[in-house]
Amino acid sequence: MKYVFLLLFVCTCPLLNAQVDSLPSGKKVDSTRFKMMAKRKLPPANDAAQEITIKDYKIISYARDTTYLDTTLTIQKEYKYNYLRKDDFELMPFANVGQPYNKLGVDFERRQMFPRLGARAKHDNYFEVEDIDYYNVATPMSDLFFKTTFEQGQLLDALVTLNTSKRFNVSLAFKGFRSLGKYQLNQTESGNFRTTTNYVTKNGRYSLRAHIAAQDIAAEENGGLINKEDQFENGNEDFLDRSRIDTRFTSSDIGENKILGKRYFLEHQYKLLRTQKDSSKVEKTSLAIGHTFNYETKYYQFKQSSSNEYFGAVFDTPINDKAYLKTMYNEFHAEFYNSTLGRLQGNIGLYHYNYYFNSLLVTADGQRIQSQLKGDEINLGAKYSKQIGGFLVKGDAKYNLTGDLTSSILDASASYRFNENNKIEFSVHASARMPDFNFLLYQSDYQNYNWQNTSNFENQKVNSLQFQLFSKKWGNVSAKFTNMDNYTYFGTDPTQELVENQEQAFIAPFQEANSVSYIKVKYNKEFRLGAFALNNTVMYQNVSQSNDVLNVPQLVTRNTLYFSSDVFKKAMYLQTGITFKYFSAYSMDGYNPLLGEFFVQDTEKLGGFPMLDFFINAKVQQTRIYLKAEHFNSSFSGYDFYAAPNYPYRDFVIRFGLVWNFFS
């Protein structure tokens, strides 16, 4: 895949030059102030320089929220400088880059109506439709992200985007990494290629946006530690070289799992009617029709050269489990907009899915496990939004009319912005959806990992209410209450006998018969005194349930004390400090590498250990440089730091990297 990206990048170079050549002569770049000055040919009376600022480099999300490129250095940038490039406050990473993240906090709301492939522990770095951004830039722009990994590898995320005109933009991006890891049989690697385009006609009637994504995420699986008390927890110096610690799988039965997906997405719209306010270009009324197309193929694979008794008896070796999912979605909509009445859309969607394995299984007791779930769904939907001064109301609803995957979803929110510094928002969510496909049907060469639950699993129902306050003076507060029926999860199967000396039972899907209620309250506030600042984020969670099927820590906190100042006569902006993170002990979910899923366990409580990071970050012009000593307290605060049962968190390590923006 990296060669495809290189070829596309080289082919794009002439376009970059074409855009630069098309700009007026006399343009100068002020790197310090991040401004471009372009002298344009205007009438003699208005012969003046037109200024291009950093705000002319726009980033448009899937939800059409527009921001601009931010080249500043803030504490939020420090929190997002990681493998996922987002704040991982509610996540707990494993020892190596590219391994799964265990959950410290959960959100059950999602936009998709239909089941996903599964293997959710392997999807943290998978770009979904909602994760793709689109761009509109004044001149060619690139974004380069680099960070070291753990032994024999690097992490790179590169983006280049340009406008051939004000109305047409293209972008190419590739994120790839490789990391051998500190533990044996722990290598991970991935490649995420994305290309986007968006276009608007000169009269503004027709618009489109599209993207292509090709992604593969692969990892070796060692099964976790098998002698953790003697080789890890007691701090034995002979095993401080983590590659000497024994793991469940060896080179003869090493596990490998992989996610590979390709997606083609197109969304376009044509305005049949469009009127503008007098003497302005502000749209007053419009009537439009549109179409959305999304086609995606994906598979999850688990391989072993020979079987391991940890997963039980087998049908055949070598192990090669492979689940496929092909989906195609077409949505047609009509949209009416009026500056007084708001924006109203009605839509109808056609969804085709094909989830399958390459075998049909008949068990010894005569149970027949089919090889395929295939069908077509039709749904109706509506959207509404209206802005009145500082008050904004939004609503989005969909309902499935036909098909086996009966589902519905409703999202509604109301917000009010008092001023630039204060805003409140209320939102509600209600959905009823089938669980992911790997809960409904799964096949494996391991005998205990075969099931079909299409007839006895019901829709998982989620209802939530959320309040949010955003205030520069008082801080940011969010409080959410969620109630769930038919909560679906993976857990240990009590009907299966344990193998001698095995630490876990076999994993199977379950639905909780009783309701599960979940409360999450999160607060963030920064206090400043001169060049010093203390940034605090605290989260409280509580679960009300008859059985322990949803486990989260009651308390999670992250506190950063840091210093910021210009140095070297303002040639560099420096930021340095210490971050403390802690979560209370709880029955942390276990990880199953065969399924690529986390499962509920109640035999071991983990957590309650501190994590301290020391960082020195600097900004020189458009470049942000990052240097961090991660978990520097690991050697003197006890070797009890786990990300999941038998899977440790990382030891002390120094990592560095940068984020660099180029402007042509």
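The values are calculated or read from the model by the stated rules, or taken from the named source; none is laboratory data. What you are looking at is a predicted structure, and each value in this text was computed from that prediction instead of being measured. Cβ: placed from backbone, ideal geometry, glycine included. Neighbour counts: every protein chain shown. Surface accessibility is based on the protein's heavy atoms, side chains included, excluding ligands, DNA and RNA. Shrake-Rupley method; radii C 1.70, N 1.55, O 1.52, S 1.80 Å.
Just read off the accessible area of residue 217 with the full protein assembly in place, 1.4 Å probe, to the nearest 10 Å².
Rounded to the nearest 10, the figure is 10 Å².
What does the charge count around residue 431 come to, taking other residues whose C-beta lies under 12 Å from its C-beta (Lys +1, Arg +1, Asp -1, Glu -1)? Don't skip to the answer; put the middle values down first.
Numbers: positive: 110, 111, 398, 433, 461; negative: 109, 396, 411, 485.
Around residue 431, the charge tally is +1.
Starting from the 7 Å offset along Cα-to-Cβ, what nm value, one decimal, do you get for the label separation of residue 515 and residue 285?
Going from the residue 515 label point to the residue 285 one covers 4.7 nm.
Quick one: if the Förster radius is 30 Å, what FRET efficiency do residue 388 and residue 109 give, using the C-beta to C-beta distance and rounding to 0.05? Before the final figure, lay out the partial values.
Values: r = 26 Å, r/R0 = 0.85.
So the FRET efficiency works out to roughly 0.70.
If amide hydrogens are placed 1.01 Å from N in the peptide plane, which non-local residues have theirs closer than 5 Å to the one on residue 634?
652
If I stretch the segment between residue 362 and residue 53 completely, what's the gain in nm (0.36 nm per residue apart, minus their alpha carbon distance), one decimal?
Details: separation 309, 0.36 × 309 = 111.24 nm, distance 6.58 nm.
Working it through step by step, the gained length comes to 104.7 nm.
Which listed residue (363, 339, 295) has the Cα farthest towards the positive end of the charge dipole for segment 295-426, taking +1 on Lys and Arg C-beta and -1 on Asp and Glu C-beta about the Cα centre?
Of 363, 339, 295, it is 339.
Within 10 Å, Cβ to Cβ, of residue 651, how many net charges do the neighbouring residues add up to if Lys/Arg are +1 and Asp/Glu are -1?
With Lys, Arg at +1 and Asp, Glu at -1, the net is +2.
Quick check: pseudo-label points 7 Å beyond the Cα along Cα→Cβ at residue 70 and residue 545, how many nm apart are they?
Placing both labels 7 Å beyond Cα along the Cβ direction yields 3.4 nm.
For each pair in 103/262; 374/520; 122/374, compute the distance between the two Cα atoms and list the pairs where it is over 32 Å.
Working: 103/262 27 Å; 374/520 37 Å; 122/374 24 Å.
Check vs 32 Å cut-off fails for 374/520.
Heavy atoms of the protein only, probe of 1.4 Å, neighbouring chains included. What is the accessible area of residue 291 in Å², nearest 10?
Result for residue 291: roughly 40 Å² accessible.
Where in segment 187-228 does the amide nitrogen come within less than 16 Å of the point 7 Å from the Cα of residue 293, taken along Cα to Cβ?
197-199, 207-213
Going by alpha carbons, how many degrees (0 to 90, nearest 10) lie between the helix axis of 2-22 and the longest principal axis of the chain?
10 degrees
With a 1.4 Å probe and all protein chains left in place, how much accessible area per residue does the chain have, in Å²?
Ligands and nucleic acids excluded, the result is 47 Å² per residue.
How would 271, 570, 58 rank on accessible area, largest to smallest, probe 1.4 Å?
Final ranking, largest accessible area leading: 570, 58, 271.
Can you compute the charge dipole magnitude of the chain about its Cα centre, using +1 on each Lys and Arg Cβ and -1 on each Asp and Glu Cβ, nothing else charged? Give it in debye, rounded to the nearest 20.
Dipole size: approximately 4460 debye.
Starting from the exponent 0.38 and prefactor 2.2 Å, build the expected Rg for the chain from its residue count and divide its actual Cα Rg by it.
Normalised by 2.2 N^0.38 Å, the Cα Rg of the chain equals 1.02.
So how much slack lies between residue 414 and residue 274, counting 0.36 nm per residue of separation and subtracting their Cα-Cα distance, in nm?
Roughly 47.6 nm would be gained on extension.
Enumerate the residues in segment 622-664 having an amide nitrogen under 11 Å from the point lying 7 Å beyond the Cα of residue 148 toward its Cβ.
627-630, 653-657
If you stretched the chain out fully between residue 614 and residue 458, how much longer would it get, using 0.36 nm times the residue separation minus the C-alpha to C-alpha distance? All intermediate terms of the calculation are to be shown ahead of the outcome.
Details: separation 156, 0.36 × 156 = 56.16 nm, distance 4.79 nm.
Length gained, residue 614 through residue 458: 51.4 nm.
Which is farthest toward the positive dipole end of the chain among 661, 430, 410, measuring Cα position about the Cα centre, with Cβ charges +1 (Lys, Arg) and -1 (Asp, Glu)?
661
What does the charge count around residue 129 come to, taking other residues whose C-beta lies under 14 Å from its C-beta (Lys +1, Arg +1, Asp -1, Glu -1)? Mind dumping the intermediate values first?
Details: positive: 64, 110, 111, 116, 194, 209, 262, 263, 298; negative: 128, 130, 131, 133, 267, 296, 331.
Once positives and negatives cancel, what remains is +2.
Long-range amide H contacts for residue 375: which residues qualify at under 5 Å (H placed 1.01 Å from N, peptide plane, sequence gap of 5 or more or a different chain)?
353
Around residue 206, which amide H atoms from residues at least 5 apart in sequence, or from another chain, sit under 5 Å from its own amide H, with H modelled in the peptide plane?
Placed amide hydrogens put 201, 271 under 5 Å from residue 206.
For segment 618-664 and segment 199-271, what is the separation of their C-alpha centers, rounded to whole Å?
18 Å
I need the phi-derived Karplus couplings for segment 201-213: 6.51 cos²θ - 1.76 cosθ + 1.60, θ = phi - 60°, integer Hz, Gly and Pro marked x.
Rounded to whole hertz, the list is 5, 4, 8, x, 7, 10, 9, 8, 8, 8, 8, 10, 10.
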